[in-house]
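*Asks:* What follows is a structure written as structure tokens; I'll ask about it next.
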Amino acid sequence: VPEDQADKLLLASWGLPKAVLEKYHSLGVVQMFEWQAECLMLGQVLEGKNLVYSAPTSAGKTLVAELLILKRVLETRKKALLILPFVSVAKEKKCYLQ
């Protein structure tokens, strides 16, 4: 992330509603890693274009997907489909995103 865009690491700089930010903050998520912000700033990803990325287990891939989904749903008022690999993860995310 270029120095002039270092604020993009903060979740608060992505235009998310206060309730969403408070939920992330309550879980200890205030900012993201540089690679996560870079994913969100690539091309036209925020306008709905495709993104393919890879990272090790527990690196934070889900946060990127969540932020993209949240922004698109809130901005376009359309539904989104989030596919997760395990029932346990799906149940966790269901509670978390509600």
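*Asks:* Can you tell me, using C-alpha contacts under 8 Å and at least 6 residues apart, the relative contact order of the chain as a whole percent?
*Replies:* Normalised by residue count, the contact order of the chain is 21 percent.
*Asks:* Let me ask you something else. I need the trypsin sites (Lys or Arg not before Pro) found in the stretch 25-98, filtered to DSSP loop residues with at most 11 other beta carbons within 10 Å of theirs. Before the final figure, lay out the partial values.
*Replies:* Working: sites: 49, 61, 71, 72, 77, 78, 79, 91, 93, 94; in loops: 49, 77, 78, 79.
Hits after loop and neighbour filter: 49, 77, 78, 79.
*Asks:* Return an integer: the convex hull volume of the alpha-carbon atoms of the stretch 1-95, in Å³ per residue.
*Replies:* Dividing the Cα hull volume of the stretch 1-95 by its residues yields 118 Å³.
*Asks:* Ignoring ligands, DNA and RNA, what percent of the 1.4 Å accessible area of the chain is carbon and sulfur? Walk me through the numbers on the way to the answer.
*Replies:* Working: 3990 of 7020 Å².
About 57 percent, which is the carbon plus sulfur part of the accessible surface.
*Asks:* With every protein chain kept in place and ligands, DNA and RNA left out, what is the accessible area per residue of the chain? Probe 1.4 Å, answer in Å².
*Replies:* Accessible surface, normalised per residue, equals 72 Å².
*Asks:* What list of ³J(HN,Hα) values in whole Hz, one per residue of the stretch 72-88 in order, does the Karplus curve 6.51 cos²θ - 1.76 cosθ + 1.60 (θ = phi - 60°) give from phi, with Gly and Pro shown as x?
*Replies:* 5, 5, 5, 7, 9, 6, 9, 7, 9, 10, 10, 9, 10, x, 9, 4, 4
*Asks:* Amide H of residue 31 versus every other amide H placed in the peptide plane: which residues, excluding those fewer than 5 positions away on the same chain, fall under 5 Å?
*Replies:* Amide H neighbours of residue 31, under 5 Å, 5+ apart: 11.
The values are calculated or read from the model by the stated rules, or taken from the named source; none is laboratory data. Treat the numbers as computed from the prediction; the structure is a model and nothing was measured. Note: ideal-geometry Cβ built from the backbone for every residue, glycine included; neighbour counts use all protein chains shown. Remember, those area values only see protein heavy atoms, side chains included, never the ligands or the DNA or RNA. Shrake-Rupley method; radii C 1.70, N 1.55, O 1.52, S 1.80 Å.
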